[in-house]
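Student: My questions all concern the structure below.
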Amino acid sequence: MIIRPHLHWFRMLLAWQGSVLPRLLPRLFLIFCISIVAVAAHDHLLPISLNLNTTAPFSLIGIALAVFLGFRNNASYDRWWEARKLWGQLLNESRSLTRQVLTLPSRPMPKEDLREFFNALGALPHALRHQLRHTDPREDLAARLPQALFERVMASRYKPATLMLYLGEWVQRHAQAGAIDPMAVIAFDRNLNGLSDVIGGCERIVSTPLPFAYSVMIHRTVYFFCASLPFGLVDSIGIFTPVFAVFVAYTFMAHEAIASQIEEPFGIDDNDLALHMMSLVTEDAIRDLLGEPALALPNPEAEGYVLN
Amino acid sequence: MIIRPHLHWFRMLLAWQGSVLPRLLPRLFLIFCISIVAVAAHDHLLPISLNLNTTAPFSLIGIALAVFLGFRNNASYDRWWEARKLWGQLLNESRSLTRQVLTLPSRPMPKEDLREFFNALGALPHALRHQLRHTDPREDLAARLPQALFERVMASRYKPATLMLYLGEWVQRHAQAGAIDPMAVIAFDRNLNGLSDVIGGCERIVSTPLPFAYSVMIHRTVYFFCASLPFGLVDSIGIFTPVFAVFVAYTFMAHEAIASQIEEPFGIDDNDLALHMMSLVTEDAIRDLLGEPALALPNPEAEGYVLN
Amino acid sequence: MIIRPHLHWFRMLLAWQGSVLPRLLPRLFLIFCISIVAVAAHDHLLPISLNLNTTAPFSLIGIALAVFLGFRNNASYDRWWEARKLWGQLLNESRSLTRQVLTLPSRPMPKEDLREFFNALGALPHALRHQLRHTDPREDLAARLPQALFERVMASRYKPATLMLYLGEWVQRHAQAGAIDPMAVIAFDRNLNGLSDVIGGCERIVSTPLPFAYSVMIHRTVYFFCASLPFGLVDSIGIFTPVFAVFVAYTFMAHEAIASQIEEPFGIDDNDLALHMMSLVTEDAIRDLLGEPALALPNPEAEGYVLN
Amino acid sequence: MIIRPHLHWFRMLLAWQGSVLPRLLPRLFLIFCISIVAVAAHDHLLPISLNLNTTAPFSLIGIALAVFLGFRNNASYDRWWEARKLWGQLLNESRSLTRQVLTLPSRPMPKEDLREFFNALGALPHALRHQLRHTDPREDLAARLPQALFERVMASRYKPATLMLYLGEWVQRHAQAGAIDPMAVIAFDRNLNGLSDVIGGCERIVSTPLPFAYSVMIHRTVYFFCASLPFGLVDSIGIFTPVFAVFVAYTFMAHEAIASQIEEPFGIDDNDLALHMMSLVTEDAIRDLLGEPALALPNPEAEGYVLN
Amino acid sequence: MIIRPHLHWFRMLLAWQGSVLPRLLPRLFLIFCISIVAVAAHDHLLPISLNLNTTAPFSLIGIALAVFLGFRNNASYDRWWEARKLWGQLLNESRSLTRQVLTLPSRPMPKEDLREFFNALGALPHALRHQLRHTDPREDLAARLPQALFERVMASRYKPATLMLYLGEWVQRHAQAGAIDPMAVIAFDRNLNGLSDVIGGCERIVSTPLPFAYSVMIHRTVYFFCASLPFGLVDSIGIFTPVFAVFVAYTFMAHEAIASQIEEPFGIDDNDLALHMMSLVTEDAIRDLLGEPALALPNPEAEGYVLN
């Protein structure tokens, strides 16, 4: 994920990295070529005239498309932002569980028992990230979990949920030993439910894309519109047609492309969520409450990007 | 439900399966024929002129329609996505209840008692799916429930609610036997309330469509607009009228058709929710927490579809 | 409330019952007459020319109006859907309270005590419906409540709230008798709070319409726009003016009319909520959990309507 | 607040009281005068021509403005409706607390102790209203609170919060006396948190207007647009310019004016919330649960207005 | 943050301070110069004609841009308002925790113990503000926290979370001493979870800007549109081009500029949130419940601004 806030207004016009422009260049070049053909046809260099004499139908369809694209953007952005909220809630629940483990037990807990809990809690965002991206969690989990738990988690199909169950078992073990009273068990239970909601919410977003027919239809109409637009513009703006056609095409295609990227917020595109960074920050926040030294994290302000 | 994410932008233009284009072809052909008539009339092949000389009124009505369609899309999509969230919450609550049954009791529960609980919990999504689709739950419930419970559920009118009551009775039975303390009963109660909200939320969506007058009015105006558009376009774009009229009609009709499909998210159209798949995934997630082997599920990434 | 889902696309164009078209016909006829006048004036049958020579100002105002109407629709629909959600929550809370009464007490409750609770719970949706519609609840409450409670409820000004208080007193009575332990009282308390939110939410919607100035202004601008539109169209589309003016007027007036209907969702218009049906369904859902026979309800799928 | 629902569609066109038209008349008259100047200039009565020959730029800016105004309306309406929801929640929490005081204590409470609680609870909406409107609460609080509490509240800076604290102290007092068990204290605590959220939510709305730059910018563009519009219309619609310019100006200015009114929902404009009425209704709802006689409230249906 | 509500409609047209106009003036002057060039080119003062003969393509792109800008505004405003809600919840939770500390303990707490709690609670908003703005919290924390806690907090990386942990430890200490019963611990735990959500929510907003590609694309299209607009207007409105081009540019650029400001609500721009003021108000609200004298706060109504 690229982080470049607070650019000067003029430098922002020229931003390259992190913009979708590089990816769209070949398609915009295609529109440019079509525009050249339209201008040539209009000026009678070609035997038949292709110009449409009017931009009115293009205004109608273009503005209607803008409304539909606006809706689609909205839906895509909502998915992206809900995904971000879920990862934010993961941090919040992790902090709350950390506070509970440190303050709710009725007697001090041995260090190694605490370690067990925090190992599993710190591994959870990594397990979730790998599940959402269909990548191999082996390395990240092996580095954080004791052997027995690691094997159990690797054998399970929904790894974050298994870690959550382990956290519940940990609470049960200490409750039966008398270190956690029944009321405190309820408090833990509430936040474990919260973790369950986070895990399930992320699974929902990743397993249910926007209706496919919808994406296809918007995609098609945007590209057909952009490809035919030069023939509608040429009669009124002549040789300026290539400039304008490419500009309009950029506006519409870029919107469609960004919406496509962010509607799957757990990918590794430039505009997708920085799950790796967020996993590490969550772990670091737990460590901070325990008074442990910081993890080495890249500084997004200084370096202009965050780990994907 | 068709799952085809991450198509290349060019191949997406040609997508056929899962798009609404096949279903709309006859209607678009009708618009094409009307356009031919409009062109013919304009070129004086017909005794009277039908052309309207202007696209201005069509811009007015077309853009207004786009705004109204945009609103309708929004409302339909919200129903679809809320339905998906409810099924996501069903998974979350199922996982939380599984964790609670495994970790909250103050003493280990006999295997067969656990089995009773998880049978009912695993049958609940199937019962809900059949209720929402008005299909026969007999087979799915018979395969999952013990005989007595099966008969009780089949005799009830709201089967998922009866299963939820059974889960409550199970908790009560073990609470009275002293295996579950009063605080833990409250924790169960909270998640059973959650199940109640899921069941009632789905019933609400299925029993209350968008206001009928609204759907009718949008439908009518879209079709009237598309059918009269060729007469408005012919004067300015001549023989290109059929291409453009069909393109605009596709944009508007496809929007209306998709909104119609997703506003009833529990149906079995291509863009409806994959309730069957989600029922099985919920069951599988419970089994995973119990350490049981996986159910055989189709792999949507590999096979391009999920069970409806 | 009219229920007519899944019409064929062509038959939907002709739907009459449940559409707002019948109600709008006289006003559309008025627009038709104005259009005739506009055409006649344009063709010099009248001594002065009334035509405006252009549709441009109408495009401007028409599209702006569409945006404003779109917002108003949204606000009205949100009220309608929130009202529906509140009634859905009423069902959910009723089911949850039923489950709690059946499973939370620490010892079996006598049949007649249960009967008292469920009578009051089943009467609550009816009391709420009559309050929201300002109709007489006497008959419905007399049929469901024991004499003493009936008189107490009839003497109160906010009848559903009084029933909710009675449910709380019932819980207190059995808690003091030792049948319900303090933790379970809290569980009941949570759902009684939920009932309180439902009742108050419905009262809020019914007592606070959309800002009056807003409704008036939209209404006025829509009707002035539709009445003046023929004079703007006549110069460009001539004798087709009546057709188009009526079509545009239908689109705008119908939107405004439907938004007016659904912004007061507790009325008895065709598109208002089926409160009567929902009251009975809630009662029926409670009976189902108790194992009692079904109430006789009209079947909306077969009969095409539900009780208002 | 003016309440005039269910007007006949024709009478609604002529509504005066409660509409923003009276307030806008002088500004609309100004637009009318500008239009006269535009017409005169166009007809060469003035030495220079001011007409712009085209409405196209006005369509562009007018429709863009409509989109921006639509967004602003939305934000303002959300503030207004959230404010209403908070006051609705105040009623709900008051009812729930009333039910709790009447049913949760483990032994009957003396009448005078109950009176203390309900005096403070009934005074809370009045204290909140005066805080939100910066008016003097002395009279309303003196009439409802015992002397000691009255003085304490008057000496505090956030009066509703002080009343909420008093309610908490009341619960504590009776909990320490053994009349309220620890579980019930938690139930009270939950609803007192709810009151805290209501008070803080209202303070948030009143202390944070929409970004000032935003309001200024919309205001400016609307008025500049309306003032220049006649010069754009005069060439195409001639002597009808004054009618249309005033009509368009009414549409835009009225939207802006209503949005300005409702974005500060706690004021005393016609379209602001009826805080006084709602304070009394909340008090009356508490009295009804206690079986006390009704307060004398104006009947909004009969009298067409409610207390501000 | 500038607070200037309730300006007269005419004076609002001329507002300067707090508007984005001053900041945009240089860019608007640039547009003015481009317009002069366009007019000159059109009047054949330049050897080649740059005019485009038509505004139609500009209508198309301008209205589409308005729709996209509308969406972007919406997303930015949602971030701003959610940030404000989080700070409002911070006040609510602080008040609720204050009430709980004062009323939930089963025996009176010593004054110095209370002081410890309220010091940490009052320092929390300041710690959060400095974290969100990357400023040095040393001074504000040193003035509020006892030495030991101050050093511990300064040594931690997430200072507000460390304060929240300290509050939890305080509750634990008094619970173990028997002053707070286990039920009350749960009540505290709920509100500490609430604080956790506030802190994490603010961190989420500050660490995740709108997708960069999105901001860049909107920014680019707005500026390109404004810069080319004069060439599209000059043919139809001639010498009025500079006035109109600047007006349209103001409308679009100001929208984009305000959206850019409020999408990062924790900055110190005029339209950002008044975090400093809100920190002090939260502290003051706690003091008020304790009966302590008021902090000296600037009066926003009188002085027209609040502390940033």
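Student: Using the number of other C-beta atoms within 10 angstrom as an exposure proxy, rank E:K85, A:K159, E:K111 with the fewest first. It would help to have the intermediate numbers written out before the result.
Tutor: Values: E:K85 17, A:K159 23, E:K111 7.
The most exposed by this proxy come first: E:K111, E:K85, A:K159.
Student: Could I ask something else about it? How far apart, in nm, are two points set 7 Å out from the Cα along the Cα-to-Cβ line at A:I268 and at B:L297?
Tutor: 2.4 nm
Student: Would you work out which of A:W170, A:L13, A:A40 lies farthest towards the positive end of the dipole of the stretch A:9-303? Charges go on Cβ: Lys and Arg +1, Asp and Glu -1.
Tutor: With unit charges placed on the Cβ atoms, the residue in question is A:W170.
Student: Can you figure out the FRET efficiency of D:D78 with D:A177, using R₀ = 45 Å and their beta-carbon distance, to the nearest 0.05? It would help to have the intermediate numbers written out before the result.
Tutor: Working: r = 45 Å, r/R0 = 1.00.
E(calc), rounded to 0.05, equals 0.50.
Student: Is the shape of the stretch B:65-167 rounded, prolate or oblate, going by the alpha carbon gyration tensor and its root eigenvalues a ≥ b ≥ c, with a/c under 1.5 for rounded and a/b larger than b/c for prolate? Could you put the intermediate results ahead of the total?
Tutor: Working: a/c = 4.07, a/b = 1.79, b/c = 2.27.
Oblate, since a/c reaches 1.5 and b/c is not below a/b.
Student: log10 I(q)/I(0), Debye, Cα-only the stretch A:97-145, no solvent, q = 0.19 Å⁻¹?
Tutor: -0.66
Student: Top mean-square fluctuation among E:L13, E:L280, E:L192, Gaussian network model of chain E, C-alpha springs under 10 Å?
Tutor: E:L13
Student: Here is a further query. Please identify the DSSP H helices in chain B that span no less than 15 Å along the helix axis (Cα) and have a mean Kyte-Doolittle hydropathy of 1.6 or more. Display every interim value, and only then the final one.
Tutor: Details: long enough: B:21-42 (30 Å, 1.74); B:56-103 (69 Å, -0.01); B:111-133 (34 Å, -0.58); B:159-176 (25 Å, -0.33); B:182-207 (37 Å, 0.52); B:212-237 (37 Å, 1.13); B:241-262 (31 Å, 1.16); B:275-289 (21 Å, 0.40).
Passing helices, by number: B:21-42.
Student: Considering the rotational relationship between chains A and B, which residue of chain A contributes the beta-carbon of minimal distance to the axis, and what is that distance to the nearest Å?
Tutor: For the rotation taking chain A to chain B, the closest Cβ gives A:I63, 4.
Student: Next question, about the same structure. With +1 on each Lys and Arg Cβ and -1 on each Asp and Glu Cβ, and nothing else charged, work out how big the dipole of the stretch E:92-154 is about its Cα centre, in Debye to the nearest 20. Write out the running numbers ahead of the final one.
Tutor: On the way: 10 positive and 8 negative charges, 43 e Å.
In total the dipole reaches around 200 debye.
Student: Another question, then. Taking the Cβ of each residue in A:Y158, C:Y223 as the centre, tally the other Cβ atoms inside 10 Å and list the residues starting with the fewest.
Tutor: Details: A:Y158 24, C:Y223 21.
In order of increasing Cβ crowding within 10 Å: C:Y223, A:Y158.
Student: Hey, another quick one. For A:S106, place a label point 7 Å from Cα along the Cα-to-Cβ direction in every copy; what are the distances to the other copies, in nm, shortest first?
Tutor: So the label point of A:S106 gives 1.1, 1.1, 1.8, 1.8 nm to the other copies.
Student: Over what distance in Å are the Cα centres of the stretch D:186-255 and the stretch B:175-201 separated?
Tutor: Going from one Cα centre to the other spans 48 Å.
Student: Summarise the partner chain shielding of A:102-109 as one whole number: the mean count of Cβ atoms from other chains within 10 Å of each residue's Cβ.
Tutor: Details: counts 4, 14, 8, 2, 5, 1, 1, 0.
That average works out to 4.
Student: Placing +1 at every Lys and Arg Cβ and -1 at every Asp and Glu Cβ, with all other atoms neutral, what dipole size does the protein assembly as shown have around its Cα centre, in debye to the nearest 20?
Tutor: Details: 125 positive and 145 negative charges, 54 e Å.
For the protein assembly as shown, the charge dipole is close to 260 debye.
Student: Taking the alpha-carbon set of the stretch D:159-308, what are its Rg and Dmax in Å?
Tutor: My reading of the Cα-based Rg and Dmax gives 25.1, 85 Å.
Student: Next up: Between copies, how far apart are the C:G238 label points? List them in nm, one decimal, shortest first, with each point 7 Å from Cα toward Cβ, please?
Tutor: 2.1, 2.1, 3.4, 3.4
Student: Over chain D, what is the relative contact order in whole percent, taking alpha-carbon pairs under 8 Å and six or more residues apart? Don't jump to the answer; show the numbers that get you there.
Tutor: On the way: 328 pairs, mean separation 113.2, N = 308.
Result for chain D is 37 percent.
Student: Using Cβ contacts closer than 10 Å as the measure, can you line up B:V246, D:V67 from fewest to most?
Tutor: Working: B:V246 21, D:V67 26.
Ascending number of Cβ neighbours within 10 Å: B:V246, D:V67.
Student: To one decimal in nm, how far is B:Q147 from the same spot in the other copies, if labels go 7 Å from Cα toward Cβ? Please give the shortest first.
Tutor: Result, one decimal in nm: 4.9, 4.9, 8.0, 8.0.
Here, each number is a calculation from the coordinates, and none is a lab measurement. It should be emphasised that the depicted structure is a prediction, and the values quoted were computed from it without experimental measurement. FYI the Cβ positions are ideal-geometry reconstructions off the backbone, even for glycines, and counts take in every protein chain you see.
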